[in-house]
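Here the structure comes first, spelled out in structure tokens, and everything after it is commentary.
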Amino acid sequence: MPEPEVQAGAGLRDAFERLWTPHRMAYIQGEGKGPECPFCEIPGLPDSDGLVVARGTECYAVLNLYPYNSGHLMLVPYRHISGYEDLSDEETVELAEMTQHAIRTLRHASGAQGFNVGMNLGGVAGAGIAAHLHQHVVPRWGGDTNFMPVVGHTKVLPQLLPETRDLLAQAWLAV
């Protein structure tokens, strides 16, 4: 059997072309998971820098820096807590209201046909930042799980995050 051909910088040649996502290395290496909590730092940034879509009294809506789908929002209480059961009544109500508003916003802005909404509470449950509670609102469309994530283990996003933030911030105000 002939020796496999080596692609420059890509390892052994096979039937797949490679899509490189070097920005993901920061996530893999734990950047943003150090001693400072990114969810506590984001509210101190300008909305465009922190990818903040909307701010409430108790919580804020922010784009996920590593989205599952385009428009993936997270709703985050300002207070640094990890347990859902530790939310105050005011935080619980605003988180629920912002979840409803996020769904309306994403339907309005992108025609989302469905949603995954939920929380991963604790590292063993899949929370990337377990120390600070956050709820995900992921818009879904028919056929959005195509060959790219299934075979290529790569998600294709049609828009840069700052552009998505601007679009959703405007839509948030419109609905």
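Descriptive notes on the structure:
- Separation between Cα centres of the stretch 85-134 and the stretch 44-81, rounded to whole Å: 10 Å
- Length available on full extension from residue 37 to residue 117: 0.36 nm per residue minus the Cα-Cα distance, which gives 26.6 nm.
- Residues in the stretch 59-75 carry Karplus couplings, in order, of 9, 9, 10, 9, 5, 6, 5, 10, x, 6, 8, 4, x, 4, 9, 10, 10 Hz; the curve used is 6.51 cos²θ - 1.76 cosθ + 1.60 with θ = phi - 60°, and Gly or Pro positions show x.
- Using 0.36 nm per residue and subtracting the Cα-Cα separation, the extra length available between residue 82 and residue 160 on full extension is 25.1 nm.
Bear in mind these aren't lab numbers, they're just calculated from the coordinates by the rules spelled out. Just so it is clear, the model here is predicted, and its values are computed rather than measured.
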